[in-house]
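First comes the structure, then the notes that go with it.
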Amino acid sequence: MSPKREDRAAPPPTSSEYDICFATNEAADGWEHLARQAPGNLRRAFDTIRSLPRIRGNPDRHHRLKGALGTATFKGQTLERWQYEVTSGGRIWYLIDDSNRTAWVIYAGTGHPKATD
């Protein structure tokens, strides 16, 4: 998704950080909903995912998903699937692509992903 006029500009990652990209338009839309609902929490999630996508400093809010949800295939690669709880209901699910140093956001929203219902 290419930025357009009046879109926010995201800072590029430094050499030790991961880039954060949206895997779907729905993930990008959900991100915007989270930005309106909980901007401070989303910023903390962004900073954590970008710098330390596997950190387990707060395992209740940030952890790898378990079982069949723990991995997903994206662009022909099997990648780890992680969750960051932005609010009590709001979630970000992302895939860690180490080869490209990218965290692919596959879900972002103010409610639980359907896969966990």
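Set side by side, the residues 78, 110, 116 differ, and just one is surrounded by fewer than 14 Cβ atoms within 10 Å (Cβ to Cβ), over 11 Å from the mean Cα position of the chain (by Cα) and modelled with pLDDT under 95, which is 116. Go through 22, 46 for me and flag whichever is of a type in the set (Phe, Trp, Tyr) and touching a residue at least 40 places away in the same chain (Cβ under 8 Å). Answer to the check: 22. Confirm whether residue 53 is assigned to a loop (DSSP other than H, G, I, E, B) and under 11 Å from the mean Cα position of the chain (by Cα). Taking the combined requirement at face value, the residue satisfies it.
For the range 91-101, residues that are open to solvent by less than 30 Å² (accessible area, probe 1.4 Å) and either over 13 Å from residue 27 (Cβ atoms) or of a type in the set (Phe, Trp, Tyr) (or both) total 4. Checked against the criteria, residue 84 does not count as of a type in the set (Phe, Trp, Tyr), buried (at least 16 other Cβ atoms within 10 Å of the Cβ), touching a residue at least 60 places away in the same chain (Cβ under 8 Å) and under 17 Å from residue 20 (Cβ atoms). Name the residue that is modelled with the highest pLDDT, counting only residues in the range 40-68 that are open to solvent by 40 Å² or more (accessible area, probe 1.4 Å) and within 12 Å of residue 90 (Cα to Cα). Looking at residues that are open to solvent by 40 Å² or more (accessible area, probe 1.4 Å) and within 12 Å of residue 90 (Cα to Cα), I get 41.
If you filter the range 9-39 down to residues that are surrounded by fewer than 14 Cβ atoms within 10 Å (Cβ to Cβ) and outside any helix (DSSP H, G or I), you find that the one that is nearest to the chain's Cα centre (by Cα) is 10. For residue 6, the conditions (1) farther than 22 Å from residue 101 by Cα; (2) open to solvent by less than 80 Å² (accessible area, probe 1.4 Å) all hold with the exception of (2).
The values are calculated or read from the model by the stated rules, or taken from the named source; none is laboratory data. Computed from a predicted structure; not experimentally measured. Virtual Cβ from ideal backbone geometry, glycine too; neighbours counted across all protein chains shown. Just so you know, the surface numbers come from the protein's heavy atoms only, side chains and all, with ligands and any DNA or RNA stripped out. Shrake-Rupley method; radii C 1.70, N 1.55, O 1.52, S 1.80 Å.
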